[in-house]
Each structure stands twice: as structure tokens, then as C-alpha cells.
Amino acid sequence: MTVVITSHPHVPHEAEEPDVAIEIVGKGHPQPIDNAPFQWHPQRSSAGIVSVVISKADSRAIVMQGGSEIGSAPVRVRGRLDGAMAYVLESRTAKGMNWLKVQLSGSGKGMEVGANEGEHFDAPVKFRQDLATLLRPGSVIVVTPATLRAGSPGMRETVIAAS
């Protein structure tokens, strides 16, 4: 199961290319990341739905299955990203995969995924191939402009107070 927590109202956020991407693509000279190194350990979990979280701020994808991290790779997201999006795999057919795109901020409405949607993402070719073998209907790819790095846990809030 994938749980996504988001808040409303929608606040546009545009992420810049972080330092972590510079190590991969070369400072000031972006190069293709088709053959960049990545982590892939599908043996860590043999069951459960596959979830992927892609951070534009970190230029990184994390792959989870059954609650275990099974992979990570550099990913470059091209174009503007106003808030988080989720791609839910509806079905696989002989013609390919059918995805539903859900805006997680703002209206939260669902949209059809265009034929060229995948062109907005650069990732190692072998990583894409390995990931495709595990994706099943119900798999989710969340794309966020935010970082995945640890941060503040937030403000203290009383949920239930004794009277």
C-alpha cells in the first residue's frame, strides 16, 4: 500500500538542480544519465506492490516493494512541476502500460497520461528496464518537487487533551 499525505491549498514550488545531480552529470555540463550507476536489489522483497518516489529537488528515485527499499537511481525531471503528482498503473496490455495521473495538490483531480509523458524523466536505461519488470496494476509513482532528505518533524500539536 502507498500512502501519500499532502496539504491544500496548492502552493507552486519550482525546484532547482541540486548539488547531488552535479556529481552525476558534471558541473555545468549536463550529460545523459543513461548509463549512470544505480542501486537495484529486488531480492530484498519478493511480494507487495511497487511504489516509486521521485524527488525533483534531489534528482533521485527511490523504489519500495512490500515496505523495503529495493532500488534507487538518479532521475532528472524536465519541465515545471507545480506540486506533487502520482501516476497509478491501471493496467498492462500487449500495447503497454496504462497510467492515471493524479494531481496531489490543488484540485486533486485525475488526468489521462499523454503518450510522451515518460520523456519528462531521464534515468539510467537499465534501471527503467528493471523497474518495468516489477510494475503491476496498482503500482504508484509519486513525483514531488520537494526533497526526500530528513528535515524537521514539524510543530508539536496536541491531538487529545485531558480535561
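Derivation of every value follows stated rules applied to the coordinates shown; laboratory data play no part. Predicted model, so just to flag it, every value in this text is computed and none were measured. Here the Cβ is made from the backbone with ideal geometry for all residues, glycine too, and neighbour counts use every protein chain on show.
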Legend entry - Simple label model, 7 Å out from Cα along Cβ direction - residue 68 to residue 44, nm: 0.9 nm
Legend entry - At 0.890 mPa s and 25 °C, Stokes D of region 51-144 from Kirkwood alpha-carbon radius, µm² per second: 179 µm²/s
Inset, instruction - Can you pull the one-decimal nm distance between simple spin-label points at residue 126 and residue 146, each 7 Å off the Cα toward Cβ? - result: 3.3 nm
Inset, instruction - State, to one decimal in nm, how far the label point of residue 100 lies from the label point of residue 159, with both points 7 Å from Cα in the Cβ direction. - result: 2.8 nm
Inset, instruction - List, in order, the whole-Hz ³J(HN,Hα) value for each residue of region 86-101 obtained from phi through the Karplus relation with A = 6.51, B = -1.76, C = 1.60 and θ = phi - 60°; use x for Gly and Pro. - result: 10, 10, 10, 6, 7, 7, 10, 10, 4, 8, x, 9, 10, 10, 10, 9
Inset, instruction - Quote to one decimal, in nm, the extra length available between residue 119 and residue 92 on full extension: 0.36 nm per residue of separation minus the C-alpha distance between them. - result: 7.8 nm
